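First up is the structure itself, then whatever we jot down about it.
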């Protein structure tokens, strides 16, 4: 074998596992490591306020319990949020689609857990 063939063989042996790792991450849900990150809190507050606006309910954001993110054409966030309604706290699952380059968020789903 010549040097070029050996080089490309070694290069593919190095790049193939990296490609396989990246392929499993893009499109799949990944845990959010820091749910107290100010941006994640902002997404959670948006979800509650948008749900409240759409349903004309009286729901107040309390905290984020857990969350996952998914790379799409932008970013999906699946958050478990604690919200308060008439003095009683309850958990909800919210999915928010964010397109940061447009500075826009869209509430895709909001339901009790």
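What follows is calculated from the coordinates using simple rules that are stated; it is not laboratory data. These numbers come from a predicted model, not from an experiment. Cβ: placed from backbone, ideal geometry, glycine included. Neighbour counts: every protein chain shown.
Per 0.36 nm of contour for each residue apart, how much would the distance between residue 3 and residue 54 grow if the chain were fully extended, relative to their Cα-Cα spacing?
Difference between extended and current length: 11.9 nm.
For a Förster distance of 30 Å, can you work out the FRET efficiency between the beta-carbons of residue 109 and residue 36, rounded to the nearest 0.05?
0.85
When only C-alpha pairs under 8 Å and at least 6 residues apart count, what is the relative contact order of region 32-113, in percent?
24
Compute the length gained on full extension between residue 99 and residue 84: take 0.36 nm times their separation in residues and subtract their Cα-Cα distance, giving the result in nm to one decimal.
So the chain would gain 2.6 nm between residue 99 and residue 84.
Based on Cα positions only, what radius of gyration and what Dmax would you give for region 21-99, in angstroms?
13.3, 46
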